[in-house]
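To keep things clear, I will list the structure first and then write my remarks on it.
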Amino acid sequence: GALVMYGTGDQLSPKGVIFAGQLINLYTSKMGDWAYPVIAIAAMATMFSTTMTCLDAYPWVLTETFFPKLKRGHKENPSRILMIVVVVGTIILLKYFSGSMRFMVDMATTISFVTAPVLAFLNYKVVTHPHVPAGSQPGKGLRILSWIGIIFLGLFCLVYLVWRFVI
């Protein structure tokens, strides 16, 4: 992807729709005209499924995170309110920052790098929690590999942040 996007010398548009068209055309130029419908459908499916996943799953995850004792189906379930917060937050982000695709991509990348080690650690804590049966928990070798991965993600996050904001 990076070679296709940055190897051409073309200036990519900061406007989302034009950027998407340029991206599809870049891949089509490398693969041939026959690939245009395949790439366009894949791009649309990726954007649509990501949007639907975030819209559906994120409020439930937030509910489970901030209200773990609340039972599903409870009449005061805050997931609907959290869905509205997510939608309003997304609209605000798009309204004020959609003019710069570079900013949007940079923000998403930064958030991904910063949250990756935290999410990896939380995942480790979940699969090694006493509530998980001992036979279902990872063995010693996988636990060591997990810690190596968490440390690597943390160091990579620090390198990225220094490179992005200091250098």
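The values are calculated or read from the model by the stated rules, or taken from the named source; none is laboratory data. As the structure is a computational prediction, the values presented were derived from the model and not from experiment. Here the Cβ is made from the backbone with ideal geometry for all residues, glycine too, and neighbour counts use every protein chain on show. When the accessible area is computed, the model is the full protein with side chains, heavy atoms only, and any ligands, DNA or RNA have been set aside. Shrake-Rupley method; radii C 1.70, N 1.55, O 1.52, S 1.80 Å.
Data table
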{"quantity": "Solvent-accessible area per residue, Å², over region 43-167 with all protein chains present [probe radius 1.4 Å]", "calculated": "78"}
{"quantity": "q = 0.15 Å⁻¹, the chain: log10 I(q)/I(0) [Debye, one scatterer per Cα]", "calculated": "-1.17"}
{"quantity": "Portion, in percent, of the accessible area of region 37-112 that falls on carbon or sulfur, probe 1.4 Å", "calculated": "73"}
{"quantity": "Inter-centroid distance (Cα atoms) of region 79-106 relative to region 117-135, Å", "calculated": "31"}
{"quantity": "Under 30 Å, Cα to Cα: Lys pairs in the chain, sequence gap 8 or more or different chains", "calculated": "5"}
{"quantity": "R0 of 30 Å, Cβ-Cβ distance F156-V61: FRET efficiency to nearest 0.05", "calculated": "0.80"}
{"quantity": "Cβ-Cβ FRET estimate between A43 and A134, R0 fixed at 45 Å, reported to 0.05", "calculated": "0.50"}
